[in-house]
Amino acid sequence: MPNSQRLSIEGILLLIGLAIGWGFNWPIMKFIIGEIPPLTFRGFCLFFGGLGILALARASGLSLKIPTGYWKKVLWICLLNIVAWNVMATYGLSMLPAGRSALLGYTMPIWTVLLSVWVLHDKFTLRIGIALLLGIAGVIALMSEALIDWINAPLNPQLILGAVLMVTAAWCWAAGTVLMKLWQVPLNTVVLTGWLLLLASLPIILAAVIVDGAPSHMPSTLALWGVVYNVFFAFMFCYWAWVRLVTLVPVSVSSLSSLITPLIGIFSGILLLGEQPGWPEYSATVLILGAVAVVNFGTKKPSHQNR
């Protein structure tokens, strides 16, 4: 199935919703996991998010059946793109400040571009290279002060483990995205997203029962509202938007465009907490928007490779 080499109007709208939904969610998740154990939190959101999406799909008359021969592929995508990312990123976030977690989590485009060249045989063009460099520079500028503090701080085993978890999570997210593009599961995007979330919830809920045990206290009202936000927006909408975005454009375009998310994450802190932007925020804005513009600048000729 041919797809555009750059974001369409639909893709831009999906990207905006995705960036807002996931960008605002970094500080929200950091607050929630201070009250709710990570596995319990993620398992709950995945289960009800997946169930909600499948219920909407069924009510719309869509078939929920996964095509014969694709179950193993769906499970692999689920394992890498949802289970590994959610578990490792959540534990990594619990060990690191939210800004550093976002920095390491959004090394994802680097791994995606490299894997797409290797697995999908995509061309590593000058345009992709420039966009990648701009994007990396933007993320580093965005987190520069935290990064300097981190480098100058004494070695802390917990910080090191958190960093390893976040980078590994980013690689798994990239690998799952590339496999999703490679295998092209012939399933409606809404249905595929619902199954990915619901299937991912099962091992995580099982692990939560073993590791987290029964809840020891009722979370605060604010934390519960954060869970509601995660179920309906960060999971149901944003995961659907991400899967849809991956089907519309090459993975290098979707992954590099997603760098807007940590930018939104930082500016949400400015908006919500009254923080004052400085040179890191302004320079990162220019660099990341430049990366998104460069990767989406080109002809509208469809890509016929890997179809």
**Message:** So, restricting to helices (runs of 4 or more DSSP H) that lie completely within the stretch 189-256, which ones have at least 1 residues that are β-branched (Val, Ile, Thr), touching a residue at least 40 places away in the same chain (Cβ under 8 Å) and out of contact with any Phe, Trp or Tyr (no Cβ under 9 Å at 6 or more places or on another chain)?
**Reply:** 189-211, 238-248
**Message:** Looking at the structure I just gave you, is residue 103 within 25 Å of residue 133 (Cα to Cα), at pLDDT below 85 and in a helix (DSSP H, G or I)?
**Reply:** yes
**Item:** Filter result for the condition that a residue is at pLDDT below 85, assigned to a helix (DSSP H, G or I), in contact with a helix residue (DSSP H, G or I) (Cβ under 8 Å, 6 or more places away or on another chain) and open to solvent by less than 20 Å² (accessible area, probe 1.4 Å), over 176, 138
**Value:** 138
**Message:** Name the residue that is surrounded by the fewest Cβ atoms within 10 Å (Cβ to Cβ), counting only residues in the stretch 179-188 that are in a helix (DSSP H, G or I) and not aliphatic (A, V, I, L, M).
**Reply:** 183
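Table: residues versus (1) open to solvent by 20 Å² or more (accessible area, probe 1.4 Å); (2) under 22 Å from residue 210 (Cβ atoms); (3) of a type in the set (A, V, I, L, M); (4) modelled with pLDDT under 95.
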{"site": "19", "(1), (2), (3), (4)": "no, no, yes, yes"}
{"site": "27", "(1), (2), (3), (4)": "yes, no, no, yes"}
{"site": "39", "(1), (2), (3), (4)": "no, yes, yes, yes"}
{"site": "60", "(1), (2), (3), (4)": "yes, no, no, yes"}
{"site": "77", "(1), (2), (3), (4)": "no, no, yes, no"}
**Prompt:** If residue 31 satisfies every condition in (1) modelled with pLDDT of 90 or more; (2) more than 13 Å from the chain's Cα centre (by Cα) but one, which is the exception?
**Reply:** (1)
**Prompt:** How many residues are touching a residue at least 40 places away in the same chain (Cβ under 8 Å) and in a loop (DSSP other than H, G, I, E, B) when one looks only at the stretch 44-68?
**Reply:** 6
**Asked** Could we say that residue 116 is open to solvent by less than 50 Å² (accessible area, probe 1.4 Å) and at pLDDT below 85 here?
**Response** no
**Asked** From 294, 249, which residue is of a type in the set (Val, Ile, Thr) and either open to solvent by 20 Å² or more (accessible area, probe 1.4 Å) or modelled with pLDDT under 70 (or both)?
**Response** 294
**Request:** For the stretch 274-283, state whether one or more residues are at pLDDT 90 or above, open to solvent by 70 Å² or more (accessible area, probe 1.4 Å) and among the polar types (S, T, N, Q).
**Result:** no
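The values are calculated or read from the model by the stated rules, or taken from the named source; none is laboratory data. Not measured: the values here are computed from a predicted model. Backbone-built Cβ (ideal geometry, glycine too); neighbour counts: all protein chains shown. Remember, those area values only see protein heavy atoms, side chains included, never the ligands or the DNA or RNA. Shrake-Rupley method; radii C 1.70, N 1.55, O 1.52, S 1.80 Å.
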